[in-house]
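The values are calculated or read from the model by the stated rules, or taken from the named source; none is laboratory data. Keep in mind it's a predicted model, so treat the numbers as computed, not measured. Positions of Cβ are backbone-derived with ideal geometry, glycine not excepted, and every protein chain shown enters the neighbour counts. The area values use the complete protein model at the heavy-atom level, side chains included, leaving out ligands, DNA and RNA. Shrake-Rupley method; radii C 1.70, N 1.55, O 1.52, S 1.80 Å.
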Protein chains: 2
Amino acid sequence: MIPEEAFRSLTVQTDSKLVMVVIDGAGGLPMRGKTELEAAKIPNLDRVASKSVCGLIDPISTGVTPGSGPSHLALFGYDPFQYEIGRGVMEALGIGLKLTRDDLTARGNFATINQDGIITDRRAGRIPTERNREICGFLQNEIKGFEGVRISIYPGKEHRFVILFQGQGLKDDLIDADPQKDGLKAKGAEGVSQEARRTAEIVNGYIRRATEVLKPFYPANTILLRGFSKIPDIPTMADRFRLRPAAIATYPMYRGLARLVGMEVLETGEALRDEVATLKNYFNRYDFFYLHFKKPDSVGEDGNFKTKVKALEEIDWVVPSILALKPDVLVITGDHSTPSLLKSHSWHPNPILVYSKYIRPDGVRHFTEKDCQRGGLGRFPAVDVIPLMLANGLKLKKFGA
Amino acid sequence: MIPEEAFRSLTVQTDSKLVMVVIDGAGGLPMRGKTELEAAKIPNLDRVASKSVCGLIDPISTGVTPGSGPSHLALFGYDPFQYEIGRGVMEALGIGLKLTRDDLTARGNFATINQDGIITDRRAGRIPTERNREICGFLQNEIKGFEGVRISIYPGKEHRFVILFQGQGLKDDLIDADPQKDGLKAKGAEGVSQEARRTAEIVNGYIRRATEVLKPFYPANTILLRGFSKIPDIPTMADRFRLRPAAIATYPMYRGLARLVGMEVLETGEALRDEVATLKNYFNRYDFFYLHFKKPDSVGEDGNFKTKVKALEEIDWVVPSILALKPDVLVITGDHSTPSLLKSHSWHPNPILVYSKYIRPDGVRHFTEKDCQRGGLGRFPAVDVIPLMLANGLKLKKFGA
């Protein structure tokens, strides 16, 4: 990895266009002898792989299974161990909240507490989502803020919600206000630093008030908050790489992640074709595009091998429209593997292809894990993808004389 | 990379002989389907590759195009981000100056300044090299030093020169005495640290004196200085690796770089055969040899594919004479790629072969980018070549018990 100071002095703005296509959860594991990519008919991906240099990327580090936050940060060129995105922030991004550097977020559960202050059910009997919405509406109406801090509550699924604290001087070095286990006493948030104590008092004041007004809503008669976090103080891609970056993604979480690193998030439709149409419409306005295709991950997490194969084939259909725009550098890869076999994200490296005028074709003919493993790029960490794209776009100056 | 302290405790001096052959700018990009190495007839390199373990090395880090300084430091086993070699030092080495740790160097331009102190031409109309020599001779005669510091000026091409300040306590944390743009006021050097202020005063005093005496030499009536630097405080290869290293190179810059890390620089002739004869003559006297072949880089920078192919073929002819010396470990690689297609250094990894008794042959039959990519070493950073050579020479002890 290039040290940050060195990086800034090497980048140069040019007209070349870079496109990064992220197939969420692309990589897989064999079931009946083939991975999802091996089972899929992906002639267009195979064709562009044949004209590209290929390899395998580790999302984070050997053996590490990433969440969407760190895996995307790495693909965007940021060390995911240096810049951490808290749980609260990820949940807030997931429901489409636009956060400023002042905002403090947390994940929340409605829960059941008894007269002695003991948590008897951390999930309040998994109340229905509809009931959650009603309670959140009630709470929001009852308590709009606390000590000058504006507080907003956003319902999630079943007993879950996201909470947003907006005000000056809020800190996020707080220990969870959640005992994490039934049968323990409810506990308030605790400030780690001296400066975080005021934030803890506000949070705990809110929890007490909420518990008072929630009495009639048994079993949802208290709230548990965890994952207090603010957005990391992260340099923008414009600042760090001299790029004018834009994001095309349909899910709020990925749009939010892109916004965190200063990408312009473009309005787009739900279908793959809509996303590619958006790329075409804005192709002249930016010099870096992040194009996110979500489906292979979602169906991989359901353990649905056949549907994942189909999702990959659907992505294959739109590849020619992307190539038709003649990007100077096109990268197609995944943020992490989501093998149907595991029904979850995994640590396995993902195939990557880099298509540009300045690559050495490597004889790879198929965009699969096994073929790309023999590619000219070998195996390398995802955080090095951006430097490689910048180099191929002739956007990096020579280091030293 | 092995941490420095660990390294020192692992190395052990033995009689085994290590030879590192650096083909400057070896790697390329395909033109009409083949890279320069693929187009070249290199049966001897292919034969030794067949008996070696092969791979690809990144000069610095994925995507980074290096200058000769950092790429050689990495090959010599030094982290190029830790040890930076300034522009002034590189220029001074390039013209063959032997620098001590006290010497301060800078690159210079003759330039044109108007009555109001505005730079009207940073290159003084690109005066002919011959005129440059005359002016340097005159200046050297007029000003031999300043406040006890000896100052020497060495002409380069056209308007360029190298300047050397020799004295006690000179610092190199100076901001350039060069506005970098026509139409701006000439500015003096600025010391960054308190200790550098005296150095800045000496530099600026010299610039003022030079500008006074250069009046008759319009358009070359002032000087601009940039890239102030001293040689980095770098441990020698003897100290760090317990090697007795020698360098065989014809160009002053590479001889200078070798001297920076404490190699003995051997006198040699211009031809490849002369360099190999020097290797033979001194083979018993040292245990590490750096053998540098410059031509593929020079002709690659001219964009001359055919001449680069020929330069590689010429190197192939001398390979048997190197093998005949029976080195215990022979490495053949490049410091960076210089694709004729790009007419410049590039970020692409270079093929490497490691020939020793203790390698696992990997089925690679050709010394090309594509074949070595399938080699047993995979792709790894150049800074790890020295540890690998030491290991194969049985010069590294077991780490831990």
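Among the residues of region B:139-161, is there at least one that is buried (at least 16 other Cβ atoms within 10 Å of the Cβ) and more than 27 Å from B:GLY96 (Cβ to Cβ)? Scanning region B:139-161 turns up no residue that is buried (at least 16 other Cβ atoms within 10 Å of the Cβ) and more than 27 Å from B:GLY96 (Cβ to Cβ). If you check B:THR14 against the conditions, is it of a type in the set (Ser, Thr, Tyr), touching a residue at least 12 places away in the same chain (Cβ under 8 Å) and crowded, with 18+ Cβ neighbours inside 10 Å? It is false that B:THR14 is of a type in the set (Ser, Thr, Tyr), touching a residue at least 12 places away in the same chain (Cβ under 8 Å) and crowded, with 18+ Cβ neighbours inside 10 Å. A count restricted to region A:345-379 and to residues that are within 11 Å of another protein chain (Cβ to nearest Cβ), farther than 17 Å from B:SER337 by Cβ and under 23 Å from the mean Cα position of the chain (by Cα) stands at 1. Of the helices (runs of 4 or more DSSP H) lying entirely inside region A:257-376, those containing at least 1 residues that are touching a helix residue (DSSP H, G or I) at 6+ places or on another chain (Cβ under 6 Å) and open to solvent by less than 20 Å² (accessible area, probe 1.4 Å) span A:272-281, A:295-301, A:305-323. Residue count for region B:69-104 satisfying the condition of being within 13 Å of chain A (Cβ to nearest Cβ), touching an Asp or Glu at 6+ places or on another chain (Cβ under 7 Å) and at pLDDT 95 or above: 2. Counting the residues of region B:18-47 that are within 11 Å of chain A (Cβ to nearest Cβ), closer than 15 Å to B:ASP297 by Cα and not aliphatic (A, V, I, L, M) gives 3.
Could you tell me whether B:ARG131 is in a helix (DSSP H, G or I) and open to solvent by 10 Å² or more (accessible area, probe 1.4 Å)?
Yes.
The condition (being touching a residue at least 60 places away in the same chain (Cβ under 8 Å) and among the polar types (S, T, N, Q)) is satisfied by just one residue among B:GLN180, B:GLN194, B:GLN166: B:GLN166. Confirm whether B:VAL64 is within 12 Å of another protein chain (Cβ to nearest Cβ) and buried (at least 20 other Cβ atoms within 10 Å of the Cβ). For B:VAL64, the condition - within 12 Å of another protein chain (Cβ to nearest Cβ) and buried (at least 20 other Cβ atoms within 10 Å of the Cβ) - is met. Checked against (1) surrounded by fewer than 24 Cβ atoms within 10 Å (Cβ to Cβ); (2) touching a strand residue (DSSP E or B) at 6+ places or on another chain (Cβ under 7 Å), B:VAL89 meets all criteria but (1). Within region A:391-401, the set of residues being closer than 13 Å to B:SER346 by Cβ and facing another protein chain (nearest Cβ under 7 Å) comprises A:ALA391, A:LEU396, A:LYS398, A:PHE399. Take B:ASP335 and tell me if it is within 15 Å of the chain's Cα centre (by Cα) and within 12 Å of another protein chain (Cβ to nearest Cβ). For B:ASP335, the condition - within 15 Å of the chain's Cα centre (by Cα) and within 12 Å of another protein chain (Cβ to nearest Cβ) - is met.
Scanning region B:218-241 for residues that are in a helix (DSSP H, G or I), open to solvent by 30 Å² or more (accessible area, probe 1.4 Å) and not aliphatic (A, V, I, L, M) yields a count of 1. Within region B:383-401, which residues are modelled with pLDDT under 95 and among the small types (Gly, Ala, Ser)? Listed by number, the residues that qualify are B:GLY400, B:ALA401.
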